[in-house]
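Structure, as structure tokens:
The values are calculated or read from the model by the stated rules, or taken from the named source; none is laboratory data. Because the structure is a prediction, the values reported are computed rather than measured. Neighbour counts run over all protein chains shown; Cβ positions are idealised from the backbone, glycine included.
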Amino acid sequence: MAHDATPQPATARRSPPLSGTARVPGDKSISHRSFMFGGLASGETRITGLLEGEDVMRTGQAMKAMGAHVEKHGNEWVIRGTGNGALLQPEAPLDFGNAGTGSRLTMGLVGTYDMETTFIGDASLSSRPMGRVLEPLRQMGVQVLQAAPGDRMPITLRGPKHAAPITYRVPMASAQVKSAVLLAGLNTPGITTVIEPVMTRDHTEKMLKGFGANLSVETDERGVRHIFIEGQGKLTGQIIAVPGDPSSAGFPLVAALIVPGSDITIENVLMNPTRTGLLLTLQEMGGRIDILNPRNAGGEDVADLRVRYSELKGVTVPAERAPSMIDEYPVLAVAAAFAEGETVMQGLEELRVKESDRLAAVANGLKLNGVDCTEGEASLTVRGVPGGKGLGGEAKGEAVRTHLDHRIAMSFLILGLATEKPVTVDDRAMIATSFPEFMGLMARLGAEID
């Protein structure tokens, strides 16, 4: 889908109680990495539960362009990889559309290869800074032959004859930067070390070990993680069952908490502790969320979540929780709009460099629908109205501007399910990048969105 296509507005209306059972699509982070590591490993990788959104498909296409065989048989994806160190130079630029994770991780993966690779993306991705990934790659000997001003796409990388291993301290809480450096280390002789002062989602480390990489993690007395990866080792294909994406689960979850009388169950949700910040925060706000049937699947914790309507109270969300819920703040802000009192969210600077300036987009959308909020440089304070009285209706007669950002679109459609007046977003088309089933899944639970 072209992101410059005709916008498709959508409107959400106050809904009857939500009920039923839902299964959200596979986790986006694990899906990206499944395609990448399967495409790189020797032998065959079989994947079920993969998120088939546009972003992940772009990563699959990039791996195909560099020599991996990627096919779908029924519900299963089968990949025959090239072997570590054996990716081929792509014949055309790698087009990542809107996929920030796919593009940044692939820059790390291919940067240390003795070849030229060009990365392009849509208008939204082309506005996002890539310097945070290019900086450590330059230290390893990678040349940036071409980049738009500010290290933005289109970007052409030229790898060195022999990359140099580095020790890199990640300057911000970013799983993408950490992962890019570790992936660059896969094709680099010797030991590449990443120092991570604040722990972020650890799927790269877990999955690389599962594929056979010689990777170890040490945590010092101050909680700083040192991740060591030995380059030029063998990766072997695996069988992967991708659990449900906790970021996607956040949308029906918050909807059930704010629509009176709701009682739903969301099955098979990833419960990795680096990803459960939203769940913890909503429970602190008084959300009735029961964790059912906790189990381990493929090295990751998963569970089913029963969620019922709850009278929420405002809380202060500590800055150190941000890495475990960075994608969920837009929908948390929606929950806060119905909570009694004030909800304060801190440590949000990363939201400024997501698919949009998410912090500004959330604050503007809330204000447009009558929600009292204050946007700080790296914080958001929301003063809620229990019951949603007077909220919605786009006070100024205009739709919420989504800025081509799927999470902004979905969050404000959830808002409209419990406000007094309807809520309209200017475009729902880009929801397909991460959650193609969103509209159908919400409709089956009883949500009124058209």
TODO: Return yes or no: is Ser247 assigned to a helix (DSSP H, G or I), outside the structural domain of Pro436 (by TED's automatic domain parsing) and touching a Ser or Thr at 6+ places or on another chain (Cβ under 8 Å)?
DONE: no
Task: Number of the exception - Ala297 against (1) of a type in the set (A, V, I, L, M); (2) modelled with pLDDT of 95 or more; (3) surrounded by fewer than 20 Cβ atoms within 10 Å (Cβ to Cβ) - done: (2)
- [ ] Count, please, the residues in region 303-321 that happen to be buried (at least 19 other Cβ atoms within 10 Å of the Cβ) and either modelled with pLDDT under 95 or in contact with a Phe, Trp or Tyr (Cβ under 9 Å, 6 or more places away or on another chain) (or both).
- [x] 2
TODO: Pull up region 20-51, narrow it to residues that are surrounded by fewer than 16 Cβ atoms within 10 Å (Cβ to Cβ) and touching a Gly at 6+ places or on another chain (Cβ under 8 Å), then point me to the one that is nearest to Ile264 (Cα to Cα).
DONE: Gly20
Open item on the list: Being in contact with a Ser or Thr (Cβ under 8 Å, 6 or more places away or on another chain) and of a type in the set (D, E, K, R) is true for just one of Arg33, Arg46. Which residue is that?
Closed with: Arg33
TODO: From (1) under 28 Å from Leu278 (Cβ atoms); (2) of a type in the set (A, V, I, L, M); (3) crowded, with 22+ Cβ neighbours inside 10 Å, pick out the condition that doesn't hold for Leu137.
DONE: (1)
Open item on the list: Step by step: first the residues of region 272-314, then only those that are part of a helix (DSSP H, G or I) and not aliphatic (A, V, I, L, M), then the one that is farthest from Pro246 (Cα to Cα). Which residue is that?
Closed with: Glu284
Task: Filter result (assigned to a loop (DSSP other than H, G, I, E, B) and surrounded by fewer than 18 Cβ atoms within 10 Å (Cβ to Cβ)) within region 184-220 - done: Pro189, Gly190, Pro197, Val198, Gly212, Asn214, Asp220
Task: Which numbered condition Thr419 misses (of (1) under 17 Å from the mean Cα position of the chain (by Cα); (2) buried (at least 24 other Cβ atoms within 10 Å of the Cβ); (3) polar (S, T, N, Q)) - done: (1)
Open item on the list: Of everything in region 30-85, what is over 20 Å from His203 (Cα atoms), free of Cβ contacts under 8 Å to residues at least 60 places away in the same chain, assigned to a strand (DSSP E or B) and not β-branched (Val, Ile, Thr)? Give them in sequence order.
Closed with: His69, Glu71, Lys72, His73, Glu76
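Residues are listed down the side, and each one gets a yes or a no for (1) charged (D, E, K, R); (2) over 24 Å from the mean Cα position of the chain (by Cα); (3) within 18 Å of Phe37 (Cα to Cα):
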residue: Glu196; (1), (2), (3): yes, no, no
residue: Asp202; (1), (2), (3): yes, no, yes
residue: Glu205; (1), (2), (3): yes, no, yes
residue: Leu208; (1), (2), (3): no, no, yes
residue: Leu215; (1), (2), (3): no, no, yes
residue: Phe228; (1), (2), (3): no, yes, yes
residue: Gly231; (1), (2), (3): no, yes, yes
residue: Leu235; (1), (2), (3): no, yes, yes
Open item on the list: Given the criteria in contact with a Gly (Cβ under 9 Å, 6 or more places away or on another chain), in the same structural domain as Ala213 (by TED's automatic domain parsing) and either farther than 22 Å from Gly81 by Cβ or aromatic (Phe, Trp, Tyr) (or both), does Arg169 qualify?
Closed with: no
TODO: Please enumerate the residues belonging to region 126-142 that are more than 14 Å from Ala184 (Cα to Cα) and assigned to a loop (DSSP other than H, G, I, E, B).
DONE: Ser127, Arg128, Pro129, Met130
TODO: Consider only pairs whose beta carbons are under 7 Å apart and that are at least six residues apart or on different chains; among these, list those whose first residue lies in region 299-319 and is hydroxyl-bearing (Ser, Thr, Tyr) and whose second residue is crowded, with 19+ Cβ neighbours inside 10 Å.
DONE: Tyr309/Ala256; Tyr309/Leu257; Tyr309/Val259; Tyr309/Ser262; Ser310/Leu257; Ser310/Gly287
Task: Residue within region 296-306 that is at positive phi and touching a strand residue (DSSP E or B) at 6+ places or on another chain (Cβ under 8 Å) present - done: yes
- [ ] Report, ordered by the first and then the second residue, all pairs with beta carbons closer than 7 Å, sequence separation of six or more or different chains, a first member in region 410-430 that is farther than 18 Å from Gly440 by Cα and assigned by TED's automatic domain parsing to the domain that holds Ala249, and a second member that is β-branched (Val, Ile, Thr) and part of a helix (DSSP H, G or I).
- [x] Ala418/Ile258
TODO: Kindly list the number of the only condition in (1) buried (at least 16 other Cβ atoms within 10 Å of the Cβ); (2) more than 17 Å from Pro436 (Cα to Cα); (3) polar (S, T, N, Q); (4) not assigned by TED's automatic domain parsing to the domain that holds Gly261 that fails for Gln89.
DONE: (1)
Task: Among the residues listed as Lys367, Lys354, Lys389, the single one being surrounded by fewer than 24 Cβ atoms within 10 Å (Cβ to Cβ), out of contact with any Ser or Thr (no Cβ under 8 Å at 6 or more places or on another chain), assigned by TED's automatic domain parsing to the domain that holds Arg288 and within 16 Å of Arg13 (Cα to Cα) - done: Lys389
Task: Complete set of residues in region 168-194 that are within 19 Å of the chain's Cα centre (by Cα) and among the hydroxyl-bearing types (Ser, Thr, Tyr) - done: Ser174, Ser179
Open item on the list: Being in contact with a Leu (Cβ under 6 Å, 6 or more places away or on another chain) and small (Gly, Ala, Ser) is the requirement here; does Ser262 meet it?
Closed with: yes
Open item on the list: Within region 381-431, take every residue that is of a type in the set (Lys, Arg) and not in a helix (DSSP H, G or I) and give me the one that is nearest to Ala360 (Cα to Cα).
Closed with: Arg401
